[in-house]
Amino acid sequence: MEKILHLISGPTAVGKTSYALDYAESHNAEIVSCDASLVYRGMDIGTAKPSKEERARVPHHLIDICGVDEPFDIVAYDRAARIAVEAIHQRGKSVVVTGGSCFYLKSFFAPVIDTIKVPDSARSQVAALYDAEGLEGLLTALRRSSPEGFGNLDSLNPRRVVRALERCIASGKSLPELQADFAARPQPYADFSKRWILLERDVETLRERVTQRAEMMIADGLIAEVEQLREAGIERNPPAASAIGYAETLAFLRGEISREALLPAIIQNTLHLVKKQRTWFRTQFPEPDNLILL
């Protein structure tokens, strides 16, 4: 049986779930989620998680696999996704990967995991430098270790500069050398052919769908869901607590924003996410095999 990955994505609220279900049924496939929030049990309304009925139509993987207070990152995702993909293939089924978490999705196209181990001493050294001299101090130190330049590093992003300097210190290599090493790593799923489908809608239609989705989430009980998740420890897990819909509702429950401001905040932040996703699709992925306007 030919090994094929069918990869389906698009901006939030474009209609990925419905399209992927129909596509999977027509291709004898099972679905692997690439959504960073769907892994958490209890995060249902705010993630528009596929319903039990939808998951009964087609088997889904990497949904509800950890508690909301348990950290889950790209390393854990990559490991779990490889296991799921291989198991589906061994059952003689096709694999449909779908979701809107672009970094998770990229793990099917290119290496994304950094294998350099940064010791605590290097982290402490860089943190002390940042506290004392700020971003400019970090860049000065990075220039000493990388006199030939920074390559494609976003040098205005302190978090990325911190990480780059830590890796240079830990490895003894310059940043361009590290970037070249990373680019030379084997491509993931090299034994699979890939069919990449990007879904889109016109700007105004997508804006309306984002608004309707946010309104429906609140009407369906998003606030009560987040209250339960607070008891389950969501605030101890920053990636889960910062998910759109949850971050704003937590801010409301803490008294940081008003009830009237909740819906506009969710809509605004979702539209900002849509813009970021579109940038990722344009700059971080190959040209889609099919661009489908819904």
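The values are calculated or read from the model by the stated rules, or taken from the named source; none is laboratory data. As the structure is a prediction and not an experimental result, all values here were calculated from the model. Virtual Cβ from ideal backbone geometry, glycine too; neighbours counted across all protein chains shown.
Looking at segment 51-101, which of the residues that are small (Gly, Ala, Ser) and in a helix (DSSP H, G or I) is farthest from the chain's Cα centre (by Cα)?
Ala56
Among residues belonging to segment 205-235 that are in contact (Cβ under 8 Å) with a residue 40 or more places away in the chain and of a type in the set (Asp, Glu), point out the one that is surrounded by the most Cβ atoms within 10 Å (Cβ to Cβ).
Glu225
Which of the helices (runs of 4 or more DSSP H) contained wholly in segment 142-222 include at least 2 residues that are hydroxyl-bearing (Ser, Thr, Tyr) and closer than 22 Å to Ser9 by Cβ?
203-219
Yes or no: segment 187-196 includes at least one residue that is within 30 Å of Glu287 (Cβ to Cβ) and among the small types (Gly, Ala, Ser).
Yes, segment 187-196 has at least one match.
Taking the options Leu62, Leu142, name whichever one is more than 30 Å from Gln212 (Cβ to Cβ) and either modelled with pLDDT of 95 or more or surrounded by 14 or more Cβ atoms within 10 Å (Cβ to Cβ) (or both).
Among Leu62, Leu142, only Leu142 is more than 30 Å from Gln212 (Cβ to Cβ) and either modelled with pLDDT of 95 or more or surrounded by 14 or more Cβ atoms within 10 Å (Cβ to Cβ) (or both).
Got a number for residues in segment 236-247 being in a helix (DSSP H, G or I) and buried (at least 17 other Cβ atoms within 10 Å of the Cβ)?
Summing the residues that are in a helix (DSSP H, G or I) and buried (at least 17 other Cβ atoms within 10 Å of the Cβ) in segment 236-247 gives 4.
For every residue, the table says whether it meets (1) under 19 Å from the mean Cα position of the chain (by Cα); (2) of a type outside the set (D, E, K, R).
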site: Leu199; (1), (2): yes, yes
site: Ala214; (1), (2): no, yes
site: Thr249; (1), (2): no, yes
site: Phe252; (1), (2): no, yes
site: Arg259; (1), (2): no, no
site: Thr279; (1), (2): yes, yes
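One residue is enough: does segment 125-132 have a residue meeting the conditions in a loop (DSSP other than H, G, I, E, B) and not assigned by TED's automatic domain parsing to the domain that holds Ala214?
no
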